[in-house]
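Colleague: Quick one: the structure is below, questions incoming.
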Amino acid sequence: MRSFSFTAEHLATVLRLASYANEYAALLPLLLHAADADQDYTPLAAQFLLIERAYSAAIATGMHNTVVCAEDVPFYRLATLDRARLDETFLGTTQLDGLTAVCRQWPRGPVDADFHEPLASAVPSLLLSGSDDPVTPPAYGEAVHRELPRSRHLVLEGFGHGQLTAPCVDRLMSEFLERAAADGLDVSCIGKVRPQAFFTSVNGGPP
């Protein structure tokens, strides 16, 4: 049996990463209610352990650090960062401080001078966004769409980060690859897709 103290940092991790996917986000109200009403943090702690295990298996930490320390952290404006404002958020400065500490030691590769320039291409592209994505919102997709004249940008209402597993998206992806074109796709199913309803009990959402 494994035991540990469930801290504010563990809670912040669950809130952040569970909000990425609508399946996880649907559980949050029920889990938070148990913690608040019954002082039962076991469900939240269990989700943290599941997320930790899933991300440990899916992410190559060394590769992640190499990319982040070359392409992200060097461009942080630490001198003008409002740390007091960050402290008011549920994530605080923990992630920022952790990344900057790692990148002081981690080797990094070169970054091209035009790294932050918009990518312009005539290659057919299908762009997918979730309206509730907390990390790459639809505005980012629109910015890319403007530079890709043969692209189409679809926004799934109520979905978070990653839409490939949403109903009907697999068909759209398959058709896009077969046609090698975004124009002419029948995307009417996108308007009918809805995310998982919030769980009101362990049995799921309301009928």
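Readers should treat all values here as calculations from the given coordinates under stated rules, not as data from a laboratory. What you see is a predicted model; the values in this text were computed from it and never measured. We place every Cβ from the backbone using ideal geometry, glycine too, and count neighbours over all the protein chains shown.
Colleague: Which number do you get for Rg(Cα) / (2.2 N^0.38 Å) in segment 81-133?
Modeller: 1.74
Colleague: Here's something else I'd like to know. Helix-only mean residue ellipticity at 222 nm, the chain, DSSP H runs n ≥ 4 weighted -39,500 (n - 2.57), per residue, nearest 500. What is it?
Modeller: -13000 deg cm²/dmol
Colleague: Something else now. Given R₀ = 22 Å, what would the calculated FRET efficiency be for residue 57 paired with residue 95, taking r from the Cβ atoms and rounding to 0.05?
Modeller: That pair, residue 57 with residue 95, gives E of 0.60.
Colleague: May I pose another question? At each listed q (0.08, 0.17, 0.18 Å⁻¹), what is the log10 of I(q)/I(0) that the Debye formula gives for the chain modelled as equal alpha-carbon point scatterers?
Modeller: -0.38, -1.37, -1.40
Colleague: Convert 10 °C to kelvin, take the viscosity as 1.306 mPa s, use the Kirkwood radius over C-alpha pairs of segment 145-200 as Rh, and evaluate the Stokes-Einstein diffusion coefficient in µm²/s, rounded to a whole number.
Modeller: So the translational diffusion coefficient is about 126 µm²/s.
Colleague: Taking the number of other C-beta atoms within 10 Å as the exposure measure, put 169, 102 in order starting with the fewest.
Modeller: Ascending number of Cβ neighbours within 10 Å: 102, 169.
Colleague: Amide H of residue 162: which non-local residues (sequence gap of 5 or more, or other chain) have their own amide H closer than 5 Å, using H built in the peptide plane?
Modeller: Here the answer is 130, since their amide H atoms fall under 5 Å of that of residue 162.
Colleague: Please identify every one of the chymotrypsin sites (Phe, Trp or Tyr not before Pro) in segment 1-77 that sits in a loop by DSSP and has no more than 11 other beta carbons within 10 Å of its own beta carbon.
Modeller: Filter output for segment 1-77: 4.
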